[in-house]
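The structure appears right after this line, and notes come after that.
The values are calculated or read from the model by the stated rules, or taken from the named source; none is laboratory data. Predicted model only: the values in this text are computed from it and were never measured. Methodologically, a virtual Cβ is constructed for each residue, glycine included, from the backbone with ideal geometry; neighbour enumeration extends over all protein chains shown. Side chains are part of the model used for accessible areas, which takes the heavy atoms of the whole protein and leaves out ligands, DNA and RNA. Shrake-Rupley method; radii C 1.70, N 1.55, O 1.52, S 1.80 Å.
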Amino acid sequence: MRSVADDLRTEQRERLAALTAAERVRLALRLGARDLEAFRLAQDPPLDAAEAVRVLGRRRQQGRRPSRCARELTG
């Protein structure tokens with residue numbers, strides 16, 4: 001038996017498959033901007049957009065080990 005969620009996933013997959021590559025890129029950028037705005041406004045006090053990007057970038061790098069190649073390139 002199929003659930004409503006299964007039907008919605010199938011419909012969404014079909015809609016995305018019908019988009020051109022350029023439309024998918026525009027959608028991805030729009031979703032990224034929407035999520036950045038939601039993150040920015042969720043902070044207390046709200047951050048400006050540039051600071052929100054910096055905070056997310058720092059969080060993404062936390063706990064990662066620098067690669068040997070990058071270390072050799074940057075000295």
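Before moving on, here are some points about what is shown:
- Residues that are of a type in the set (A, V, I, L, M) and under 27 Å from Leu36 (Cβ atoms), drawn from the range 54-75: Val55, Leu56, Ala70
- Looking only at residues of the range 36-59 that are at pLDDT 95 or above and basic (Lys, Arg), we find that the one that is least open to solvent (accessible area, probe 1.4 Å) is Arg40.
- Among the conditions (1) open to solvent by 100 Å² or more (accessible area, probe 1.4 Å); (2) modelled with pLDDT under 90, the only one that Glu14 does not satisfy is (2).
- Residue match in the range 65-75 (condition: surrounded by 10 or more Cβ atoms within 10 Å (Cβ to Cβ) and basic (Lys, Arg)): yes
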